[in-house]
1. Give the long-range amide H neighbours of VAL222: residues separated by 5 or more places, or on another chain, with amide H under 5 Å away, using H modelled in the peptide plane at 1.01 Å from N.
2. For helix 328-343, report the angle its Cα long axis makes with the longest principal axis of the Cα atoms of the chain; keep it between 0 and 90° and round to the nearest 10°.
3. How far, in degrees from 0 to 90, does helix 80-91 lean away from the longest principal axis of the Cα atoms of the chain, to the nearest 10?
4. For LYS259, which aspartates and glutamates qualify as cross-link partners when the Cα separation must be under 16 Å and same-chain residues fewer than eight apart are set aside?
5. Any number yet on Rg/Rh for the range 1-111, C-alpha, Kirkwood?
6. Please list, ordered by chain and number, the residues whose modelled amide H lies under 5 Å from the amide H of ALA9; skip anything fewer than 5 residues away on the same chain.
7. To test your reading of the geometry: what angle, between 0 and 90 degrees and rounded to tens, separates the Cα axis of helix 228-239 from the longest principal axis of the chain?
8. Give the lysines whose C-alpha is closer than 21 Å to that of LYS461, dropping any in the same chain fewer than 8 places away, or say none.
Amino acid sequence: MPRNTHYIAGRFVEDTTSERIAVYNPATEEQIAEIPDAPAEVVDAAVDAARRAQPAWAELPPIERAGYIRAIADKIRGKVDILAETITREQGKTLDLARGEVLGMAGLMDYMAEWARRIEGEIIASDRKGEAIYLNRVPIGVVGGILPWNYPFFLIGRKLAPALVAGNTIVIKPSEETPLNAFLFAELADEAGLPEGVFNMVSGRGRTTGAALSGHPGIDLVSFTGSVPTGVAIMEAAAKNLTRVNLELGGKAPAIVLKDADIGLAVEAITVSRVVNTGQVCNCAERIFVERGVADEFTERFVKRMAAVTYGDPLAERGVDMGPLINATQLGKVAAMVERAQAAGASAALGGKVAERNRGHHYEPTVLTGCTPDMEIMRKEIFGPVAPIAVVDSAEEAVHHANDTEYGLTSSLYTRDLNQAMRITRNLKFGETYINRENGEAYQGFHAGRKKSGIGGADGKHGFYEYMETQAVYIQHG
Ligand code: NAD
């Protein structure tokens, strides 16, 4: 069993005095653990440990830092079963998806380790005689990583690996909903012999531990993934110290299906996107715009496919397509949004209600037809297995409505016409666009939201360099 303690300066710190937070299995509603809600003093100790460790860590050749990242990735692969089961128990995703999350995270760690030999500066011609100018990439210092619950384990690696390879140290705060996988990660990092203080982990609520971390003067970069309102709170807290922020926030991805699309492909891709992790994914298809000529065919096939989606307790009923929503609040939020959509004129062609089960926060796979772009269900993040469909008369109309949103994370487009695909892609105001497929970003890509979906990004070369800053050096010589 994970020790459920903070991990600070290379030690598991027993915390018996802080307030406790109960952790539940969302499929059974049973309490499975209790964790401490770290107050500011505990956060101080973790930030202090990270600050003390950072200079020596930055002195190591990058390839040696990367060696630790690879060692942790190997340990993760050796513990995939227990890690996946822990994620499923506290978060509710299927075991296959949890295994994918664990292995995907280990793969991302390996990918980021490759950057050790690719950190490059620049030499620039000077206007002065006998002067060399060069730009050096240097670590930022201490990173505070604040994580959501939907891909809790993957997000540890997405922040920690680039931060550490770049020469920073880090303090991670997992979501209070899903802390147990992070405790296991701390054990593996410890076993891998990571020098003390390079990685620290504190558990607690957002308003206590998270606020203390994001407003801490000893943090040089807050790297946050979560909702827009929390992103705003974190930016406000960071502002008082002028701490840099990297924010990966919510989305409302449009899936645009044009009349020349491969309808079978679109139906399959959008279904999987909408139900994977029970619809709780920042870049999954959240609203569908289908061109009138194929609207009936698409809707009929889509409803049939969504009706085949199975759900249940992923540990007790192996093989189900989706598990429960994370908690009762999220279930109530999804149910209320669907009710308001129906009151505004949408119809449930499938589902439309809380699942009739004795236990667990399950919502039926749902398809809403007759939606219009002004409806709340087409504008606000649902984060559940609910697909609202609006019919449009042209590609231009679809693009107009797709862009008419405060979010800018992901979009997708289904067409067989390459020219149309290229033209529309240029006009979509989103950080990511998928053509003839749905979300699923590559390690070497760049996952970044525009507008209220965030600031900065993750993955690939550009995501790696978010964890470094530039130093200009001027050398006057003879
Ligand atoms: P959330 O914003 O409620 O919580 C995220 C984290 O922030 C938690 O650890 C929480 O304890 C902490 N927190 C809450 N209030 C805080 C405060 N005032 N100060 C500091 N920390 C605070 O988000 P969530 O419900 O855990 O996750 C779901 C959201 O995350 C969705 O909106 C989803 O779209 C988004 N998300 C985005 C991405 C992306 O890459 N863009 C990825 C995954 C999830």
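Bear in mind that the values in this text are calculations on the coordinates, not laboratory data. Note that the structure is a prediction, hence the values are computed from the model and not measured. Every residue, glycine among them, receives a Cβ derived from its backbone with ideal geometry; neighbour counts consider all protein chains shown.
1. Here the answer is GLY144, ARG244, VAL245, ASN246, since their amide H atoms fall under 5 Å of that of VAL222.
2. Compared with the principal axis, the helix lies near 40 degrees.
3. Taking the Cα atoms of the chain, the angle to 80-91 is about 60 degrees.
4. Correct list for LYS259: GLU291, ASP296, GLU297, GLU300, ASP393, GLU396, GLU397, ASP417.
5. We get a ratio of 1.03 for the range 1-111.
6. Placed amide hydrogens put GLY197 under 5 Å from ALA9.
7. Its long axis makes an angle of about 20 degrees.
8. Here the lysines satisfying the reach criterion relative to LYS461 are LYS159.
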